[in-house]
Amino acid sequence: MDVKKILADVEAKNPGQPLFLQAVTEVLETIEDYVAKNPKYDNNKIIERMVEPDRIFQFRVEWIDDKGEIQINRGFRVQFNNAIGPYKGGLRFHPSVTVDTLKFLGFEQTFKNSLTTLPMGGGKGGSDFDPKGKSDREVMRFCQAFMAELYKYIGPDTDVPAGDIGVGGREIGFLYGMYKKLARENTGVLTGKGRGWGGSILRPEATGFGGVYFVNNMLKKAGKEIKGKKIALSGFGNVAWGAAIKASELGAKVVCISGPDGYIYDEDGISGEKIDYMDTLLQTRNNVVAPFAQKYPSAKFFAGKKPWEAKVDIAMPCAIQNELTGEDAKQLIANGVELVCEVSNMGCTAEAIHELQKAKVMFAPGKAANAGGVGVSGLEMSQNAGHISWTEQEVDQRLHAIMESIHENCVKYGTQADGYVNYVKGANIAGFIKVADSMIELGIC
Ligand code: 2IT
């Protein structure tokens, strides 16, 4: 495989899409050696086929706000690759969403879903709709208008969306209500549903829990334990919330959370009632974390700053792509960080990953560490298809097994001669093999 040539082609064919290019570059650079040793991939032009999404839908979403004015947004669904199962991946509602964002996410999702051990292809969708400051009724009207178009392209065995940034239980409810009406069926077409109407127990917690299980596995492999570690999380949404619950349950001390307005440092640790308050803050939908410091005197607020300047043992970006830069990585390394685990998708820039790996800091990529979310989505699909529901213990056991399998695969394909585990390489190769081999077996079609 000529990585430089393929990347030049991807860049030329996808102008103005730096996120997609970043995601593709990371994968191709880490699987290059493996592909070179296995000529079947080049013979079947697997890489060239994998960097091209199966199809992309883009549509206009028009809805009426509370003032009676017409609003227009863009909706998208990127169906990236369904070699190993129906397209599966979340919907992101955020003003920054473009086709570039969703192509990078759909590409990542393909590898991530492959790692989960479950039969799910990769997809992603969303809108530039900004839920911030919108009333519940406005969000409902938007979701209904969005689904009035999206429902044509999805189905329980075709493409199964879920939540992502800006899409939680409230939005999934409105989306599912409209789908059910239009399609005249009550199936597992979306995951992250409410518990009363087909949702899986632990799905809201799964991304954060899975991230902490993954960190635990990494530490165990290094002969360390999570108990007593100081952890900085970024964000204060669903992912950071789940991670905070599990990390404090396992005896770690979460000292930072953050928002677009700055970060919180709480020397006493963020646990118990403070974690519930994270959710309360999220429900205010103002996207600010500062009120946390007004409520808890032990918490300090640092306006306009990122949590990566704090002295911690473990850093877990849980917010959005490229939130941890090369400079942030250098600061963390200078402060003696032991482990950085992306729980957001592509939370670190390429420079940040390079710095961390150069310093031999343990580093996990999002597509491995955050796969617990989509993993439990896969379990929700299984429960829906079987018209059954599993207990918390059953789901948690399966989530543990998923995260352990991903960790083992990363170690299998990513361990270097000096014993350092390159989790990025391991995750990319393991995720690649299943999709690539399936594409070969399924023929050119
Ligand atoms: O990035 C992700 O894996 C998600 N937003 C969850 C996707 C899913 O289908 O549960």
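The values are calculated or read from the model by the stated rules, or taken from the named source; none is laboratory data. All values reported here derive from a predicted model rather than from experimental measurement. Cβ coordinates were reconstructed from backbone atoms using ideal geometry, including for glycine residues, and neighbour counts include every protein chain displayed.
Could you tell me whether segment 382-392 includes any residue that is of a type in the set (S, T, N, Q), within 16 Å of the ligand (Cβ to nearest atom), closer than 27 Å to Ile433 by Cβ and surrounded by fewer than 24 Cβ atoms within 10 Å (Cβ to Cβ)? Working first, answer last.
So in segment 382-392, the residues of a type in the set (S, T, N, Q) come out as 382-384, 389, 391.
From what is left, the residues that are within 16 Å of the ligand (Cβ to nearest atom) are 382-384.
Now drop any that are not closer than 27 Å to Ile433 by Cβ, which leaves 382.
Cutting the leftovers down to surrounded by fewer than 24 Cβ atoms within 10 Å (Cβ to Cβ) gives us 382.
Yes, segment 382-392 contains at least one residue that is of a type in the set (S, T, N, Q), within 16 Å of the ligand (Cβ to nearest atom), closer than 27 Å to Ile433 by Cβ and surrounded by fewer than 24 Cβ atoms within 10 Å (Cβ to Cβ).
Would you check which residues across segment 16-57 are without any contact (Cβ under 8 Å) to a residue 12 or more places away in the chain and either assigned to a helix (DSSP H, G or I) or under 22 Å from Ala350 (Cα atoms) (or both) and list them?
Step one: filter segment 16-57 for residues without any contact (Cβ under 8 Å) to a residue 12 or more places away in the chain, giving 33, 37-39, 43, 45, 52.
Selection gives Asp33, Lys37, Asn43, Glu52.
Quick one: in segment 213-233, which of the residues that are assigned to a helix (DSSP H, G or I) and more than 16 Å from the ligand (Cβ to nearest atom) is farthest from Phe301 (Cα to Cα)?
Taking segment 213-233 first, the residues assigned to a helix (DSSP H, G or I) are 213-221.
Checking which are more than 16 Å from the ligand (Cβ to nearest atom) leaves us with 215-221.
Details: Val215: 27, Asn216: 29, Asn217: 32, Met218: 31, Leu219: 30, Lys220: 33, Lys221: 35 Å.
Filtering first and then ranking leaves Lys221.
How do the pairs read when you match residues in segment 255-278 that are over 21 Å from Asp313 (Cα atoms) with residues anywhere that are at pLDDT below 95 and surrounded by 17 or more Cβ atoms within 10 Å (Cβ to Cβ), using Cβ under 6 Å and keeping only pairs 6 or more apart or on different chains?
Within 6 Å, the pairs are Pro260/Asn287.
Could you please give the count of residues in segment 172-195 that are assigned to a helix (DSSP H, G or I) and over 22 Å from Ile245 (Cβ atoms)? Walk me through it before giving the result.
From segment 172-195, those assigned to a helix (DSSP H, G or I) are 172-183, 195; that's our starting set.
Then keep just the ones that are over 22 Å from Ile245 (Cβ atoms); that gives 173-183.
Number satisfying all stated conditions: 11.
Find the residue count for segment 150-171, including only residues that are part of a loop (DSSP other than H, G, I, E, B) and touching a Phe, Trp or Tyr at 6+ places or on another chain (Cβ under 6 Å).
Number satisfying all stated conditions: 3.
So which residues in segment 199-212 are touching a residue at least 40 places away in the same chain (Cβ under 8 Å) and within 14 Å of the ligand (Cβ to nearest atom), if there are any at all?
Result: Gly199, Ser200, Leu202, Arg203, Glu205, Ala206, Thr207, Gly208, Phe209, Gly210, Gly211.
Could you count how many residues in segment 279-300 are without any contact (Cβ under 8 Å) to a residue 60 or more places away in the chain and over 17 Å from Cys318 (Cα atoms)?
14
Please determine whether any residue of segment 89-96 is within 12 Å of the ligand (Cβ to nearest atom), within 20 Å of Gly199 (Cα to Cα) and touching a Ser or Thr at 6+ places or on another chain (Cβ under 8 Å).
yes
In segment 335-377, what count of residues is obtained for those that are acidic (Asp, Glu) and within 12 Å of the ligand (Cβ to nearest atom)?
Initially, segment 335-377 is screened for residues acidic (Asp, Glu), giving 338, 342, 351, 355.
With within 12 Å of the ligand (Cβ to nearest atom) added as a condition, the list becomes 342.
Within segment 335-377, residues that are acidic (Asp, Glu) and within 12 Å of the ligand (Cβ to nearest atom) number 1.
Taking Val167 as the residue in question, decide whether it is aliphatic (A, V, I, L, M), away from the ligand (no atom under 15 Å from the Cβ) and touching a strand residue (DSSP E or B) at 6+ places or on another chain (Cβ under 7 Å). Spell out how you get there, then give the answer.
Working: aliphatic (A, V, I, L, M): yes; away from the ligand (no atom under 15 Å from the Cβ): no; touching a strand residue (DSSP E or B) at 6+ places or on another chain (Cβ under 7 Å): yes.
Judged against the criteria, Val167 is not a match.
Go through segment 82-97 and give me each residue that's farther than 14 Å from Val160 by Cβ and either buried (at least 20 other Cβ atoms within 10 Å of the Cβ) or at pLDDT below 95 (or both). Before the answer, list the steps.
Of the residues in segment 82-97, the ones farther than 14 Å from Val160 by Cβ are 83, 92-97.
Ala83, Arg92, Phe93, Val97 - these are the residues of segment 82-97 that are farther than 14 Å from Val160 by Cβ and either buried (at least 20 other Cβ atoms within 10 Å of the Cβ) or at pLDDT below 95 (or both).
Being out of contact with any Lys or Arg (no Cβ under 6 Å at 6 or more places or on another chain) and assigned to a strand (DSSP E or B) is the filter; apply it to segment 77-88 and report the residue that is farthest from the ligand (Cβ to nearest atom).
Asn81
Take the residues of segment 294-352 that are in contact with a Leu (Cβ under 9 Å, 6 or more places away or on another chain) and part of a strand (DSSP E or B): which is nearest to Pro260 (Cα to Cα)?
Of everything passing the filter in segment 294-352, Leu324 is nearest to Pro260 (Cα to Cα).
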